[in-house]
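Asks: One structure is given below, represented as structure tokens, and several questions about it will come after.
The values are calculated or read from the model by the stated rules, or taken from the named source; none is laboratory data. Computed from a predicted structure; not experimentally measured. Neighbour counts run over all protein chains shown; Cβ positions are idealised from the backbone, glycine included. These accessible areas exclude ligands, DNA and RNA; they are computed on the full protein's heavy atoms, side chains included. Shrake-Rupley method; radii C 1.70, N 1.55, O 1.52, S 1.80 Å.
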Amino acid sequence: LKMSWFWLYLPLRLLMAICLCHSIKAPTTSSQQSFKTDLFNFYHSLILADGKETTVHLLKDIPKRYYFVLEEGRVLAPFSITVTPCDVPIEWSILMYKSPSAKATPGDHDTQEVSKSQKASSMVSTIFNYKGNSVETYMGMSSHSALYLLEFLSTERDTHITVYLTTDTTSGHLYPELPTDPRIDVIGIGHTTVTLTWKHSPSVLQHRESIQYCLLVNEKHNYKSLCAAETAIRSSGMKLPPTLALSLSPYLLEPQQVMILSNSELSIINKVSSGEVRQVCMGTKNTYTVPNLSPSTQYYFDVFIVNLLTNASAAYTGTFARTLEEPEPKVTELKDGKVVHVVLDGKKQKFYSLQYQARHKKIHFTFQLCRGQIRVHITRNGKTVASENLSGLRYFSLKGKLLDTYLVQLRSTEDSNSSVKVQASPHFHKPLFPLLPESLKIKSFSKLRTCKSVTIAWLGTQEESKYCVYRKRIEEDQIWRELQSADRCSGPESRHKSEKVLCKYFYDLNLQRAVTTETIKGLEAGTLYLFDVYLFGPSGIPVRYHSKVVKTRKKC
């Protein structure tokens, strides 16, 4: 307030004294008792700051009151009050208190009683009341001889709101200004995208550097304020930064959040129990295409115009749209014993479908994961018989009836591309892949390392097979990329000839003794090497062991 605390509180004390004197002179009436209660409310109220947004916490069924007085010397002064519910609907009202100016005139006793009662009741008037969860603004003219009381009540549950009082209506607004038509228009709908546009805010044209648009996308409902949206996300078990506009630092993100920054647009995806909640800030662009949506799903879209300097925001009128149904996926036929190499686009997250009609009761499906992470789902005549994430080499042996129809659906579980080799065949068909050992890990022996040699070991099987060892010199910053991007389905044909170390055959009928070692010599001191072992079976298709990185000793 522009007044000192003393001069602000003095009129209130004087008014209370005047009102109490009037109520004591005559027997108490219901109107006078009500007025005494109002005076008590004033006494237990807080002062509402002028020109500052105030956060008010409400307990269920317990009213909370604030009052304000305008500065002296202004007979009529404009003021505005904006209340933003941040969760459930609330009730709020504005009461105006005036000191009695008229004096009692002589007359009979009954006339004086009626006159005093009328004066007491005329001193208090409700000038505004509202119930709901929309952002509401009251604008009025204030008399310097009046005090104002704001009362807030939540009847559903504990909640919080924001209240903004200003008497300076000429030097701009705390909240960004909405256009005369604040609707969001849907101008395009696809299977996984929705394109939106909205009219520019006048604030963007005046303060382009400090204003930006932020979009909220969710599958539940529209939100009438940014404050309400953040409260809803928090109630789902997630902490959020104070506002969407300031959620620009990856250090503020929670484990359930994913931040994507591309083309100067910030996207934050919150994984909540009721689905995804996406937050996208796109600067001052007023057209945006929301990507990576799910087909045949209804989404709700809210646009907020945010002042980056004051952190205040205003909400456009939200809209909703349903994405188009996904067309029936193209189905590829699987033939007995034929290997199909499938590459999946991680960004589109689409299913790739393979169909196989059984000509035998027992069917054998083989999956070799080449790259990335893949989810496989197998149905027989429409009923699920297998569903899991693939890892390395995986076999499914299924028993059914002749002419059963199997549908294999594959989907990448990563944003990057994934690939897999698939084979379907009768159970007695010649196996595509060689007999595998219990583990495909390569072991190195630290104590046997020297400056110029490394000793490695790997498990074999009871079946005589061919094993080829390859080595590759790498740098420290290449380790992660080499291990993550390796195509586990590629064979030695993809390697440079100079990387080949040796090939050998071995087996042992006793699995506990089916292990072999090799000492690779001619290496350089203090150098990192990537070692690979390939196992070849009767079909000639190789299986690659898990790559092993070993560093030679620096000093010997």
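Asks: Search the stretch 460-494 for residues being open to solvent by 60 Å² or more (accessible area, probe 1.4 Å), in contact (Cβ under 8 Å) with a residue 40 or more places away in the chain and not in a loop (DSSP other than H, G, I, E, B), and hand back the single one that is farthest from Ser416 (Cα to Cα).
Replies: First, the residues of the stretch 460-494 that are open to solvent by 60 Å² or more (accessible area, probe 1.4 Å): 462-464, 466, 471-473, 475-477, 480-481, 483-484, 488, 493-494.
With the extra rule that they be in contact (Cβ under 8 Å) with a residue 40 or more places away in the chain, the set shrinks to 462-464, 466, 471-473, 475-476, 483, 488.
Going one step further and asking which of them are not in a loop (DSSP other than H, G, I, E, B), we end up with 466, 471-473, 476, 483.
On the way: Lys466: 33, Arg471: 27, Lys472: 25, Arg473: 26, Glu476: 23, Leu483: 15 Å.
Selected residue: Lys466.
Asks: Moving to a separate point now. Right, Tyr406: among the aromatic types (Phe, Trp, Tyr), in contact (Cβ under 8 Å) with a residue 40 or more places away in the chain and assigned by the TED database to the domain that holds Glu518 or not?
Replies: No, not satisfied.
Asks: Which ones in the stretch 499-523 are more than 51 Å from the chain's Cα centre (by Cα) and open to solvent by less than 60 Å² (accessible area, probe 1.4 Å)?
Replies: Leu502, Cys503, Lys504, Phe506, Asp508, Asn510
Asks: Here are some residues: Leu344, Leu324, Leu369. Which one is touching a residue at least 60 places away in the same chain (Cβ under 8 Å) and surrounded by fewer than 17 Cβ atoms within 10 Å (Cβ to Cβ)?
Replies: None of the others qualify; the one that does is Leu324.
Asks: Related question: Across the stretch 524-545, what is the number of residues that are open to solvent by less than 20 Å² (accessible area, probe 1.4 Å), more than 23 Å from Glu464 (Cβ to Cβ) and not hydrophobic (A, V, I, L, M, F, W, C)?
Replies: The number of residues fulfilling the criteria is 2.
Asks: In the stretch 40-95, how many are assigned to a strand (DSSP E or B) and either at pLDDT 90 or above or touching a Ser or Thr at 6+ places or on another chain (Cβ under 8 Å) (or both)?
Replies: 28
Asks: So which strands (runs of 3 or more DSSP E) stay within the stretch 165-251 end to end and still have 3 or more residues that are at pLDDT 90 or above, open to solvent by 50 Å² or more (accessible area, probe 1.4 Å) and within 26 Å of Asn292 (Cβ to Cβ)? Give the steps one after another, and end with the answer.
Replies: Details: elements: 184-189, 194-198, 211-218.
Output list reads 184-189.
Asks: Moving to a separate point now. Among the listed residues Leu334, Leu309, Leu293, which satisfies the condition of being within 30 Å of Phe365 (Cβ to Cβ) and either surrounded by 14 or more Cβ atoms within 10 Å (Cβ to Cβ) or in the same structural domain as His191 (by the TED database) (or both)?
Replies: None of the other options fit; the residue is Leu334.
Asks: Would you check if Thr455 is open to solvent by less than 20 Å² (accessible area, probe 1.4 Å), polar (S, T, N, Q), touching a residue at least 12 places away in the same chain (Cβ under 8 Å) and farther than 30 Å from Asn292 by Cα?
Replies: Values: open to solvent by less than 20 Å² (accessible area, probe 1.4 Å): yes; polar (S, T, N, Q): yes; touching a residue at least 12 places away in the same chain (Cβ under 8 Å): yes; farther than 30 Å from Asn292 by Cα: yes.
Yes.
Asks: Test Ile456 against the criterion of being in contact with a Pro (Cβ under 9 Å, 6 or more places away or on another chain) and in a strand (DSSP E or B), and give yes or no.
Replies: So Ile456 fails the test.
Asks: Additional query: Residues being under 20 Å from Glu438 (Cα atoms) and modelled with pLDDT under 90: count how many of those fall in the stretch 370-395. Explain how you work it out, then say what you get.
Replies: Taking the stretch 370-395 first, the residues under 20 Å from Glu438 (Cα atoms) are 370, 389-395.
Imposing the further condition that a residue be modelled with pLDDT under 90 reduces the set to 370, 390-395.
Number of matching residues: 7.
Asks: Going through the stretch 278-306 one residue at a time, which ones are of a type in the set (S, T, N, Q) and part of a loop (DSSP other than H, G, I, E, B)?
Replies: Thr284, Asn286, Asn292, Ser294, Ser296, Thr297
Asks: Which residue, of Leu410, Leu398, Leu393, is open to solvent by less than 10 Å² (accessible area, probe 1.4 Å), under 44 Å from the mean Cα position of the chain (by Cα) and within 30 Å of Lys350 (Cα to Cα)?
Replies: Being open to solvent by less than 10 Å² (accessible area, probe 1.4 Å), under 44 Å from the mean Cα position of the chain (by Cα) and within 30 Å of Lys350 (Cα to Cα) holds for just one of Leu410, Leu398, Leu393, which is Leu410.
Asks: With respect to Ser121, is the statement that it is closer than 30 Å to Val163 by Cβ, modelled with pLDDT under 60 and not in a loop (DSSP other than H, G, I, E, B) true? I'd like the intermediate steps shown before the answer.
Replies: On the way: closer than 30 Å to Val163 by Cβ: yes; modelled with pLDDT under 60: yes; not in a loop (DSSP other than H, G, I, E, B): yes.
Criteria met by Ser121.
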